[in-house]
Each structure stands twice: as structure tokens, then as C-alpha cells.
1. How many residues does segment A:132-168 hold that are crowded, with 19+ Cβ neighbours inside 10 Å and either within 14 Å of another protein chain (Cβ to nearest Cβ) or at positive phi (or both)?
2. Find the residue count for segment A:102-114, including only residues that are in contact (Cβ under 8 Å) with a residue 60 or more places away in the chain, in contact with a Ser or Thr (Cβ under 9 Å, 6 or more places away or on another chain) and within 9 Å of chain B (Cβ to nearest Cβ).
3. Residues to consider are B:S160, B:S169; find the one that is of a type in the set (S, T, N, Q), at pLDDT below 90 and either surrounded by fewer than 22 Cβ atoms within 10 Å (Cβ to Cβ) or assigned to a helix (DSSP H, G or I) (or both).
4. Can you report the number of residues in segment B:134-147 which are surrounded by fewer than 19 Cβ atoms within 10 Å (Cβ to Cβ) and either under 10 Å from B:A66 (Cα atoms) or not aliphatic (A, V, I, L, M) (or both)?
5. Which residues, counting only those in segment B:5-56, are away from chain A (no Cβ under 14 Å), out of contact with any Leu (no Cβ under 8 Å at 6 or more places or on another chain) and without any contact (Cβ under 8 Å) to a residue 12 or more places away in the chain?
6. Does A:L123 satisfy being touching a helix residue (DSSP H, G or I) at 6+ places or on another chain (Cβ under 6 Å) and in the same structural domain as A:S76 (by TED's automatic domain parsing)?
7. Can you name the number of the only condition in (1) touching a residue at least 24 places away in the same chain (Cβ under 8 Å); (2) within 14 Å of chain A (Cβ to nearest Cβ) that B:A2 fails?
8. Based on what the data block shows, is B:A142 free of Cβ contacts under 8 Å to residues at least 60 places away in the same chain and either over 30 Å from A:S91 (Cβ atoms) or touching a helix residue (DSSP H, G or I) at 6+ places or on another chain (Cβ under 6 Å) (or both)?
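The values are calculated or read from the model by the stated rules, or taken from the named source; none is laboratory data. No experiment lies behind these values; they were computed from the predicted model shown. Positions of Cβ are generated from backbone atoms using ideal geometry, with glycine treated the same way; all protein chains shown enter the neighbour counts.
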Amino acid sequence: MIRVESLTKVFRRPRTFPGPLGALRTLVTRRYDERVAVDDVSFEIPEGEVVGYLGPNGAGKSTTVKMLTGILTPTSGLVEVGGRVPWRDRSANARSVGVVFGQRSQLWWDLPLIESLRLVGALYDVPAAHFTGSLRRMCDLLGLDDFLDTPVRQLSLGQRMRGDLAAAMLYDPPILYLDEPTVGLDVLAKQAVREFIVDTNRAGRTTVVLTTHDLADVEALCRRIILIDKGRVLYDGGIDALVTAYAPPRRLVVHLADDETRTFDIAGGASVPELIGRVAAENTIRDLSIEEPDLESVIKQIYAESTR
Amino acid sequence: MAEIARALRLYWVLQRATMRGALQYRLNTVISVVTGAVYQGSGFAFVWVVMHTFPSMGGWSLREIAFLYGLRLTAHALCMLPLSSLIGLEWLVREGELDRVLLRPLNPLVQVMTKRMGMGQVGDLLTGVVLLIVAAPPWNLAMIGFCVPAVVGGALVEASFHLSLSSLSLRMLDTRALRGFLDDVFSKFGSYPMSVFGGVTQWVLTFVLPVAFVAYMPASVLLDKTGSLNVPALVAYGSPLLGVALFALAYRVWERQLRHYQSSGT
Amino acid sequence: MIRPLAGMARVGLRFQLAYRSDVIMTVLALIAQVFLLRMVWTSVYGGAGQARGLTLEALLAYLSLANLQAFATTPIIPLIAHFRIRTGMVFFDLSRPTGYLPQMAAFQAGHTLGGLLMLAPAVPVVLLVGTITPTAQPLGYAATLTLGYVISVMMSLLICVIGFWTLETGAISLLYRLISQFFAGTMVPLSFFPGALGVLAEALPFKYMGYVPAAIYVGHLSGGQVVQAMIVEVSWIAGLAVLLWAVWRRAHRRVVINGG
């Protein structure tokens, strides 16, 4: 469905000059600052897969997504989405993708939600009969009925996000890009968003690319993740394999009598009772627990290693 | 062709939606319309007061200048009503709204145009049309046949400057102040018979910054005053065409800057 | 008491200077305006030596001066107050011991000072376009202009206070600016205003920000007229002070009770 080969994006900006006439100098200068945002990235995403595209801020995530959606043209390399080159065929590509930005709504601020959905329907040439069915389905899946007639500016963040998801899926695009769809949402709203993604993926074989900082989203939705940092792919594969391959050691956390907490790495193959015994011999233990490695600690470690 | 019809239909749908949104703030809407009308009206009030003492300005009577004023103002409103959203283009770029525009299957300019509803321009239009109707010489079919394309052509001349300078904000160049200044020059100098300025100023306002083409030349044709122009009468008759040519050029500048935006991601 | 006000004035000054590139264009627009007026008036005067007691030279000097005055003293505080009421920052202003109105007045003064600084490079150009010769009544000019500026600031303060009710002063202040500049006579001296419009313009206080000082400068008004103008200006200031005090008391109570 999505094929990316040796994708590279170099931002080349004319040097900016200060001062009142600086803008003019910027316009005519031949001196440029260059920054490689995406560096030789390749991956393929088959139809119906849900992939987490992860990386720290400034890693090149949104630059990649902008090239996948045709907003940006690549410096070099190949992007193909559903057999089309997005930037060359931006309009046609637009009809086959839905995009949700958690931070920015595409809804009309001063109008009731239903009007925004109607406008999106018109923009994507959804036939009237089809629109009614689609809207019904969205309302059922996302529980929009209670606030369809409320102006968007009066919606809670969770309601607004559900409205945005409906707007993005109204015209049944085969691909859905989600950029931090759960940012700022409460637990229940996050749950609703995740369930909707699972449902659309299952029912319509929709391919989903999810960028997020919330690893709980990733664990709940994706079986595969692509990790990038500084524009390069660090890891591409299953979550389970990632945790096994990169798993940091389990750790023994001991709370001592004098309110002190100490942690000990449990080396591979070491005996836990033996370690506890050793610690108990030297201290008075009030409580203890064993920390299993989770996705977050794994990813933290990978970033740490890539920086080194 | 079908694509253009679709774009026009969607423009209307989207612009109406934005207008519905703006109309929710009723007091603001009323004040904006009134301010627009007063702003343009005060410019004409100046002419009216001056001509109370001096009945002729550059060989034109008060009524003739009122017609010229109305013609320019109507053209201006016709330009700014659809393009007022460009005033906020810098903001759209900074907030990433332009990315959303590029994600939708409709001409980006059409989408940008519908982002805002210029209520002040409604006031401009009201003042302009009132002046045009009150001060017009007796109409005949030929005059109407020239007046309509003349207003559209004048609107396009202004629009082409507005559009091409606005598109530079896709390169993160803030041209708002410059656009404000040009708008000011078009409004102020475009509303007088060029014979008032004469000499170098008239030449500059004809051939460098084509302010004279917006309303002065078409008004000269409609008022049968082409004899005192600094160009052959034929040029005045053809003045609406300049707007079409300039706007085509401006649209290419816009498309170029949009491609630049897509490659640089500013 | 003085220090916070000086601080507010500095903010106003910096605010004006922060938009330098915008100001360059605004100054250009000012020059274009004076240039346009010169063209139009020269054209209508034609060969006429005098109209309504003004020679063309005196008129052009009058127009340059009136426009420079209008530019430098543009009221900014209605916009600032609008912004601060909308964002709730007004509560910080209200919590300071110096009082809201003095703070706003100080801001305006700083902004005007900044305007004068920005204007410095434009003055020679405007003078070239408009030709001004030294005045015979420098004291009368300075006194009426200063009093006129005080009136202008007080009117702006009135709009700021009205903002506590309307919560919207942006468009209102633009409307105010248009009307005040027209009746101040920045484009036409009041002596040209016909009939009822002339009576109205004479009765309104806006003329003290433009017409009166500029007309005194070029000698169109002189002697007893100057003294009379100053007396009326002082009465306006006294009247506005009472009005401002009364309106402010109600506004303040409203803010305290309703929380804005």
C-alpha cells in the first residue's frame, strides 16, 4: 500500500539576515543553511496494517508523513501510496487518505459539527446517499449524536477529536494518518479513540500510520513499529521482537527501612532469590518489587544508544 | 471545465459556511460593515467638501468624480470580498493551516480564499454601489456592457498585486505592511481623475503602478472623457483586459510560491 | 507612584518601535497622503490666490502639519485595552496601585514619543512635499497642541473604559479614528466645511487635535482667537475629566462585581 525507498529530505534555507532590510537580503542571498530531516529512509506497509511511526521531537516523523501525504516533495528517493506518487498527484492522493492532527482540528470552529461533516462530504464529492450511511456509521461508532448540533468551539477536546476522526473517515479513505490523536485526552476519550481505530482497521481493512508519543497507544494498536531518530530508521519490526531484542535487564527495586529506595539490575540468567538474599543480608528490607522491561524503557535505551 | 465548475461550486459552499460562522458575532459584523462604509465614505466626504468651494477638479464635476469613486470602490470590494483571507496568509502558514489545505482535493487558492469572510468589504461594496448608481449618467445597454467587465477588470488589477505579494509569505516573507501601503495608494490615488496629478505622477500611476486602469480609464470611457487621457482612447476601451493578463501572471507567481512551499516546508 | 508609570510609558515606546518595518510603510503612506493632498489642492486652487482666507502656500503648510500631528498622536490605547480585556491581562493592570487610567495614559504617552522618534526621518520629506516656514505664534501653537493632545488622550481613555461594557474596542477605535481625523480637519481645514457640517465640526472637540493648532501655526487663527481656543480646550479637559471619573467609577464597580 505504502512504499518508501531511500527517501531523503534536505531542507535548504536561505540564510536569514537581521535588520529592517534583512528580508530583502534573505530574498536575494545565495548563502544557504542545510539540514537533513529525513535520511535514506525505506519501508513498506502492506494493506490493512497498523504501524506506529515513532521518534523523539525533531526526528523527522512529521516530515516523512508530509511527504507521504504529498504536502512536501522529497529531495530524493521514492514514495508510492496506493500506486501513486503523492506530491505529483496531490489531489488524487488526497481522496485516498484521511489525516488527523491531534493538535489542529480541521473542523469549522464557529459552525455546528454536523456542518463541518457536510462540508467535508462536499469537498470529497461524497454522494448524498452514501454520505447519510457514512454519517450514521460514524455517529454509532463515535457516539456523535449528542453533540452533532453543537458549535465546534464549544466541544470538549475529546468530543472534538471524535469529530475530527469522523471527518477524516467520512469518505472511506483506504489509508489513515494519525498524528498524536490522543494528546491531551482523558482516559475514557483515549479509549474511545483507540477503539475507533481498531474498528475501522478491522472493518474496512484501513491501513493506519500512527505517530505518537503515547506508547500506550502503540501497545494498544500496533503490532509493528518503525523507530526513527535524526532522520534515520533505528528499528523496523514487531513490538514483541523489539522488547526481546533490546530488553534492558529486569530490575529489583528494594525499599529499605530508612525510607531509602535502591535498584539492582538482574543480569541475564542470575538467580533472583540469591540476589534478594544478598541484599537482605546487608539491609533491612521493608518492601520489594521486580520491574519488568516495558516498551518505554526499551525505546529510551535505543535512543540513548543512537545518541552515543 | 468540469473541474472549474466544481471549484466554483465548492467555493460558494465553503464561503457561505464561513459567512454563517462570522454572522454569529452580530455586533462585530455590524460594526465591521459600518466601519468599512465610513472609511470609504470619509474619503468621498473629503472630495465633497473640497468641491463645495471648487466646482471642478481636473476638469471633472462632483458627480463625475462620484461616479469614478463608486467605480473604483466597487472594483475594490469585488477584489477584496473573495481575497480578504489572503490578509491572514502569514498566519495560515505559521499555524500549519496551509498543510490542511494541501491535504484536500480542491485548488489550494480556492480553499484559502474561503478561510475568512471580509465583513468590512461588505461596507465598501455598499458605499461603492450606492455611489455608482446615484452618480451614473443615464444608462444604456452598451454602457452596461462595458461597465461590468470594467469593474471586473479593475478588481483583477488590484487582485493581481494583492495575490502576488501575498504569495511571498509562503517564503516566510512578511509583506503585510507593503500590501497595506499599496492598498492605500490604490484607494487614495485611484479615486481621482489622473489629470489632477499630471506629468510624472500620472505617468507612474499609468505605466508603473497601473492605478489608472482600475477606474479612471473605464470611467473616462463611460463619461465620454477619453479626449483628455494620456493614452489613446483604444487603450482605455481595452483597459479591462489588463486585469485579466495581470491576474494570470499573479496566479503563476502564486503557484510557483506554492511549489516552493512544498519543497522547502516553510 | 511615578516609577510604574514610567515603566508603562517605556512599554508603550517599545511597542511603537517594535513594529519598525510596519512603521516604515506607515511613514511612506503618510508621505503619499501629504503628496496626494498637495496635488489635489494645487489642482483645485488653479490660479486662485486665496480661498476662505487661506493662500495655497498656507494651506499646504497647514495640511503637512495637521497630518504629521495626526500621525504622531494616533491613539493606540483603545487597541491595547481591547487586547488586555480579551486576554484577561487587564486584571494585572487593575491590581497595580497606580490606577488603570494613569497607566493607560502613560502607555499612550510612551507610544506618542516613539511615534515622534519614528517620524524624525520623515519630517524633512514631508516638509519638502508640503513646504512649511517658521511660525509667528510658536507659543500659541505649542499650547493649543499640548492641550489638544490631552483632550485626545482623554477621549481614548473614554473608549478604553467603554470596552469594559462592550468587550470590543477594536472596530470602535478604528471608527473613532476615522471620524476624529475627518473632523480634526487633516484633509480639509474646517473653514471649508459647508453649512451644518461646519457647525458640527466647530462644536466637536476633534478640531483641537488638528485644525486649531495647525491654523494657528500658519496664521489663519491669531490673537484673541488663540486665547479663546485655549479657554475652550481647558473647559473640554475639565468636562472630560468629570465624565471620565463618573464612567470609570461605574466600570470599575462592574468589573469588581462581575469579574469582567
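1. 4
2. The total comes to 1.
3. It is B:S169.
4. 8
5. Within segment B:5-56, B:L27, B:V30, B:A45, B:F46, B:V50, B:H52, B:T53, B:F54, B:S56 meet the criteria.
6. no
7. Looking at each condition in turn, B:A2 falls short on (1).
8. For B:A142, the condition - free of Cβ contacts under 8 Å to residues at least 60 places away in the same chain and either over 30 Å from A:S91 (Cβ atoms) or touching a helix residue (DSSP H, G or I) at 6+ places or on another chain (Cβ under 6 Å) (or both) - is met.
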